[in-house]
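As structure tokens, the structure follows; a few thoughts come after it.
Taken together, the values in this text are just the output of simple stated rules run on the coordinates, not laboratory data. Here the structure is a predicted model, which is why all the values come from computation and not from measurement. Reconstructed Cβ throughout: ideal geometry from the backbone, glycine too, with neighbour counts over all protein chains shown.
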Amino acid sequence: MSKEKTVFVCSDCGGSSPRWLGKCPQCGSWNTLNETVAESPGGRNRYASGSRPALNAAQAVAPLSSIEASDFERTATGLDELDRVLGGGMVEGAVVLIGGDPGIGKSTLLLQALDALQRTGLSTLYVTGEESGAQVALRSRRLGLDHSMVQVLAETQLEKIIATIEQTQPAVAVIDSIQTMYSEALSSAPGSVAQVRECAAHLTRLAKATGVAIILVGHVTKEGALAGPRVLEHMVDTVLYFEGDTHSSFRLVRAIKNRFGAVNEIGVFAMTERGLKGVSNPSAIFLSQHSEPVPGSCVLVTLEGTRPMLVEIQALVDGGGPSPRRLSVGLDRDRLAMLLAVLHRHAGVACADQDVFVNAVGGVRISEPAADLAVMLAITSSLRARAMPKGFLAFGEVGLAGEVRPAPRGQERLREAAKLGFSVAIVPKANVPKKPIEGLTIHAVERIEQAMDVVRELQ
Ligand code: TYD
Ligand code: MG
């Protein structure tokens with residue numbers, strides 16, 4: 001295949017230059033020029049689908065009510081926790097991006113999923129650009145998939161991969177990983193924004209044209225974004241993130257975008273000697289097991305997708321230097337800074353000259369503001385070196401004015417906590433259930449000061 005002409009296009013203003021420059025000649029932004037294939041005027045669009053011309057034909061305009069609303073047909077992967085985040089299973093022609101830190105278990109999960117699909121009689125293809133066929137085979141033996149019929153292709157060149165997919169027409173193809181793939185049309189290195197975007201765009205077209213469901217594996221860069229400035233997220237139908245602490249055995253798969261299902265749904269897995277096993281009742285895995293309550297710890301019930309889960313927040317407040325540190329793991333750092341300011345202003349708890357470390361146990365990442373109250377109570381508990389009472393939990397969002405706002409589906413959270421033996425809770429007033437929950441004493445608060453008063457009485 002002859003090399004196509006390439007140009008460098010600015011990601012900010014869209015201006016172009018025939019060669020790479022550090023600064024865009026049009027808008028003056030730095031480091032924004034990315035290589036792409038030059039579009040030949042009047043030529044056929046490179047992303048147009050070849051195999052199904054009907055897709056490109058002009059469609060007739062029709063009133064919405066006359067269009068038949070058929071639900072997507074889903075193929076369950078056989079891994080329940082993965083199906084849950086996908087919204088029921090794989091959809092024909094869908095493109096799923098699964099991102100996560102290296103070593104978290106993406107390849108393991110997908111190999112298990114492909115094998116399960118293959119066993120239901122579907123054909124599957126696993127394209128590996130990171131490992132050799134022998135390494136994949138070794139992994140499959142370790143997973144106990146000795147007689148796996150999953151088709152493996154060790155290849156990194158996009159054009160060859162596309163040819164193989166068109167020829168073999170698998171139901172599901174995994175590209176592991178998109179950062180190792182390269183298109184001959186571009187001269188930039190595999191993993192560069194230009195290559196990642198080019199390869200993903202072609203594979204997306206291919207999925208839509210052939211009906212093959214494609215799963216792209218993407219590594220997350222140090223900043224936490226999928227390689228390139230999230231270039232892929234808008235292109236694909238579903239974005240899943242694989243999270244968790246590599247030192248703990250639990251892994252979460254979270255849907256952050258899903259055209260075929262709900263977002264924020266999570267699947268929970270445990271990494272074992274023989275691969276990933278789904279955890280169907282994950283409520284209590286993110287609690288550390290203290291025999292007696294310890295200062296600096298507070299449990300909250302977080303609602304991830306449709307399931308409530310109990311998560312322990314730990315805080316350590318300790319004498320710092322002239323520029324104290326604020327560090328959070330699993331929680332947003334800016335939100336922590338805000339909560340510290342609210343604590344100081346409205347509850348008179350000052351940590352200005354102290355280092356503050358906050359951690360969500362078990363490598364879980366909490367994005368909902370309902371964690372605010374638990375974070376603040378854990379910090380106060382550490383600062384005062386006084387433990388929360390046994391069986392205590394709290395949740396609720398805290399605003400800048402010191403008000404405690406309700407969390408969605410409070411009753412469900414409280415019921416889950418009671419089921420696990422928790423006995424006392426501080427919750428926003430609007431979350432107090434009308435009927436008392438057996439075994440659970442509930443204290444309703446409207447402001448952070450009130451919460452502090454209740455805690456002082458309980459300790
Ligand atoms: P892997 O799937 O290679 O991660 P990724 O593709 O996201 O980079 O997972 C690798 C880790 O999982 C590695 O540290 C070993 C561990 N592991 C197990 O604990 N049990 C297993 O059965 C397998 C296959 C891997
Ligand atoms: Mg891998």
Roughly how far apart, in whole Å, are the Cα centres of the range 315-332 and the range 400-420? 26 Å
Rounded to the nearest 500, the 222 nm mean residue ellipticity computed for the chain from DSSP H runs (n ≥ 4, each -39500 (n - 2.57)) alone is -7500 deg cm²/dmol
Qualifying lysines (Cα of each under 21 Å from Cα of Lys208; at least 8 residues distant if same chain): Lys160, Lys257
Distance cut-off 29 Å, percentage of C-alpha pairs in the chain lying past it: 57 percent
Could I have the simple spin-label model distance between Gln135 and Asn264, label points 7 Å from Cα toward Cβ, reported in nm to one decimal? 3.8 nm
Give the order of Ile448, Ile437 when sorted by the count of other beta carbons within 10 angstrom, beginning with the fewest. Ile437, Ile448
18 Å reach of a label modelled at Gln411, 7 Å along Cα-to-Cβ, counting backbone N of the range 433-459: 433-444
Label points 7 Å out from Cα along the Cβ direction at Arg456 and Arg119: separation in nm? 6.0 nm
The range 76-278 - Debye-derived log10 I(q)/I(0), Cα point model, q = 0.09, 0.11, 0.13, 0.18 Å⁻¹: -0.29, -0.44, -0.64, -1.34
Percent antiparallel among DSSP beta bridges confined to the chain, nearest 5, equals 55 percent
For the pair Asp80 and Gln169, how long in nm is the line joining their label points, each one 7 Å along Cα→Cβ? 3.5 nm
Residue by residue through the range 319-326, which ³J(HN,Hα) values in whole Hz follow from phi under the Karplus form 6.51 cos²θ - 1.76 cosθ + 1.60 (θ = phi - 60°), with glycine and proline marked x? x, x, x, x, 10, x, 9, 10
